[in-house]
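Everything on this sheet refers to the single structure shown next.
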Amino acid sequence: MGFRGSSDSNHHKGRTPPPDDTHQEAAYLKMLGEKQRPVRIKLMDGTMLRGWIEYYDRRMVRLTRDGAPNLFIFKHEIAYIAEDSPLRRPRPEGSGASQGDTPANPAK
């Protein structure tokens, strides 16, 4: 196995590396904001935030939240942004799963 600097006969000359940026981030954030899709934003410190993206630019996003202050979040502090669906929301306290929701043969 050769390294980049070695003279390997199977080395593909002139091959360009993939781009660092596909420029799809802005299009995706624009779509989320225009449709006011609920999102989950996980920060680098593990904090999970929910709301919708009202504004974004090169360095930050504005997360609008119901019943909580709106936040400007620097992009370098974001681990990921995911669309939030009603199926992924945590259940309210005291609403345990019914017997029909538990598996018949749980794996041990």
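Some notes on this structure:
- When 66, 84, 20 are arranged by Cβ crowding within 10 Å, least crowded first, meaning fewest neighbours, the order is 20, 66, 84.
- Subtracting the Cα-Cα distance of residue 44 and residue 15 from their residue separation scaled by 0.36 nm leaves 7.0 nm.
None of the figures in this text is laboratory data; all of them are computed from the coordinates on show. Since the model is a prediction, treat every value here as computed from it, not as a measurement. A quick note on method: Cβ atoms are made from the backbone with ideal geometry, for glycine too, and the neighbour counts reach across all protein chains shown.
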